[in-house]
Amino acid sequence: MLQDGILSIGAKCIFFLVLKGLIEPWMNRTLGDAAFGDYVVYYGYICIFSYSCGEALNHIRVLNQETDRERARDYRRIIAAEALISVLILFCFGMAVEQMGVRESVLFGITSVVLMVRLYSECVFRIEINYKKILLSSVLMSFGYLAGYLGFRATGQWYVIFLIGETVAVIYAAVSGKLFWVDRKKGVSQYFLQTTKNAATLTGSYLISYALIYMDRFLVQFLLGSEQVSTYYIATTYGKCVALVIPPITAVLLSNISKGTISLDKKMVYKVVAGSLGAVLLFFLAGIPMSRIMIGILYPGAYRNCLAVMDMGNLAQIVYYSCSIVNMMAIRLCDMKLQVFVETAYAILYILFAVIGAAAGGLVGLAVGTLGANILRFILLTVPVYRKVR
């Protein structure tokens, strides 16, 4: 399991270094702060749909791998339906709300679909517990992103970066992992209604969760403008680095729990929760000097503007990502309805705390508000898990 964790984290690191260490700083210099802030907001809309649908179906397929052969044709129908709905919503949103042209609105929607399918596609490697293929997929995707950047410089459309990079990874999963392979039986399986219900429930929960992950940039744009979005996004670059470590560990744990390799008993739950809290403290303390070094190197022109919000903003993100480990246990042990309840309560608290914080203290106040909401989310997920293993 340790080797799987290292490979999974390595896969995330390679892609993160390319996107956050090369492409986005290059984009910032090319676009300027205001236009880069717009990119951050639009990419947030894309990620809400892509991650909610793609990761939810990914997790459901891994959890039900014992009947994967029969359910495969169900998953293909579900991801196709989710892709169609997402592209239509984003196309209409781009045209009506963001005042995009037809071409940009089409790119806006299609980018979401390609990212969604790529996030879903990793399930075929997770079922095999083959993290070497996930690592190779990340390497190929990174080269695709670099090629996409050249396309961006030629066309002026940043969507091209994501379309090329994500498509490379999807093609690899289709060929190497037989992503779209199904048996020859027609129609849906006997599990279709239950799978659809679980997918809808978990996707609905994730929609709320990811909407709130990206809500900070939407609120900052609404309250303070696109340039402040750029400042906040850059200031919390270190916090996003935590996503390199925690979600891959969560994925490895989920795969091994589903296989029966790890027993999710009372002792293991205590270890996981204690490890999550220890990770929060470790990452935060390490981030105090590291965040300053990173911003100084990657975004020297934005360093002064980022200093005030850097520590609090990063801590808020670290606490949020640590919730994913506890949430993995909640998905396994508790009813799926808990996901909807927790994310709904979290949504209300998040928006309330963030708006009050932003009104009282600008970017720093917003960061404090989101930190408070994230701590409460951790508690709301942990308590039901403890009750299940008493």
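For the reader, a short list of remarks on this structure follows.
- Sites K337 and L146 - FRET efficiency at Förster radius 51 Å, r taken between beta-carbons, to 0.05: 0.75
- With the simple spin-label model, which puts each label point 7 Å out from Cα in the Cβ direction, the D265 to T196 separation comes to 4.1 nm.
- Simple rule: put +1 on each Lys or Arg Cβ and -1 on each Asp or Glu Cβ in the chain, find the dipole, and look at I318, G101, I351; the Cα lying farthest toward the positive end is I318.
- FRET efficiency, 1/(1 + (r/R0)^6) with R0 45 Å, evaluated for R153 and Q65 via beta carbons: 0.60
- Working from Cα pairs under 8 Å separated by at least six residues, relative contact order for the chain is 20 percent.
- Taking label positions 7 Å along the Cα-Cβ direction at both R76 and W26, the computed distance is 3.6 nm, reported to one decimal.
- Protein accessible area in the range 1-160, 1.4 Å probe - carbon and sulfur %: 66 percent
- Protection proxy ranking, peptides 164-176, 86-98, average beta carbon neighbours within 10 Å, highest first: 164-176, 86-98
- Per-residue SASA remark: L298, around 30 Å² accessible (1.4 Å probe; ligands, DNA and RNA not included).
- Scoring 335-347, 312-324 by mean Cβ neighbours within 10 Å over their residues and listing the highest first yields 312-324, 335-347.
- Estimated vicinal HN-Hα couplings, Hz - the range 118-133 in sequence order (Karplus 6.51, -1.76, 1.60; Gly, Pro = x): 5, 5, 5, 4, 5, 4, 5, 7, 5, 5, 6, 6, 10, 7, 5, 5
- Per-residue [θ]222 nm for the chain (sum of -39500 (n - 2.57) over DSSP H runs n ≥ 4, rounded to 500): -29500 deg cm²/dmol
- Full-stretch length increase - V175, M95 - with 0.36 nm per residue and alpha-carbon distance subtracted: 25.3 nm
The values are calculated or read from the model by the stated rules, or taken from the named source; none is laboratory data. What you are looking at is a predicted structure, and each value in this text was computed from that prediction instead of being measured. So basically every Cβ, Gly included, is an ideal-geometry build from the backbone, and we count neighbours across all protein chains shown. Calculation scope for accessible area: heavy atoms of the full protein, side chains included, ligands and nucleic acids excluded. Shrake-Rupley method; radii C 1.70, N 1.55, O 1.52, S 1.80 Å.
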